[in-house]
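Reading through the structure tokens given below for one structure.
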Amino acid sequence: MIIRIKKETEKNNNCKNLLSLSKLSWKNSKDFDKGWDGRYAIETKLIQDIVKHEGVKRILELGSGPGRLSQRVMKATGITDYTLVDLESAKKLFNKRKYKGKFIVKDLENFFDVTGVGKDFDLIIMNDFLEHIRNPSHIISSSKDLLKDEGVMLCSIPNWRMGHSFFYRGLFDFDNFIYFMFFHGLSNFELFKSNLQTMNFPMLQSESGLPEGMRRSWNIYCLFKKNEVFKNEKE
């Protein structure tokens, strides 16, 4: 059994105020901090390729922050039907920056009230979002119902090796996360690497399905589709 690094363990044990930190996340313009440009460039290209391959015309992004990624994606793809969902503090920056798109204020910490959000989205994006909330199961279930039958969901999850803070740390070990999503009726069919690398620690037992080439990826981008076989078995 691989023991997690001390830094990662201490950070999770000491982070007792995740809810408060989350609600204050967008009191500033931290998405312009050094390093974000490179990451947004990689993510924009990734989403651009997905849009082209899947014929995406409508996008929903949960936990979007003020929306800097959305502006890059809309410019790169020509998509105008883009809905963002996050807290009031993020919307204030969205408005201040005069960004395009539809911004809906929702507190996604525990539940997702889908009233007024819309449906039949081709792509739902959850970029470094699920690890910060208390009820990811409800969020995934509610979000899946907003997808078209042929729609896809792109989730970015952090690699534990980079010392992130989690509500449910083990959930985001690769094997556990893929099973969690499958249980909610979503099948993983493609993985993408980050442009950054973590420290060089061995695989966990709960990462048996993670390709070796993805082991040090700072975060892991997982593309999912609705699992119709699993859905039919439940019915």
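The values are calculated or read from the model by the stated rules, or taken from the named source; none is laboratory data. Because the structure is predicted, anything quoted here is derived from the model rather than measured. Cβ sites come from the backbone with ideal geometry, for glycine too, and all protein chains shown count toward neighbours.
A few points about this structure:
- Filter result for S194 (closer than 21 Å to I42 by Cα, among the small types (G, A, S) and at pLDDT 95 or above): no
- Residues of region 75-97 satisfying the condition of being touching a Ser or Thr at 6+ places or on another chain (Cβ under 8 Å) and either modelled with pLDDT of 95 or more or not in a helix (DSSP H, G or I) (or both): A76, Y82, L84, V85, D86, L87
- Wholly enclosed helices (runs of 4 or more DSSP H) of region 128-235 bearing at least 2 residues of a type outside the set (G, A, S), in contact with a Gly (Cβ under 6 Å, 6 or more places away or on another chain) and buried (at least 20 other Cβ atoms within 10 Å of the Cβ): none
- Single residue of F174, F230, F189 found to be modelled with pLDDT of 95 or more and of a type in the set (F, W, Y): F174
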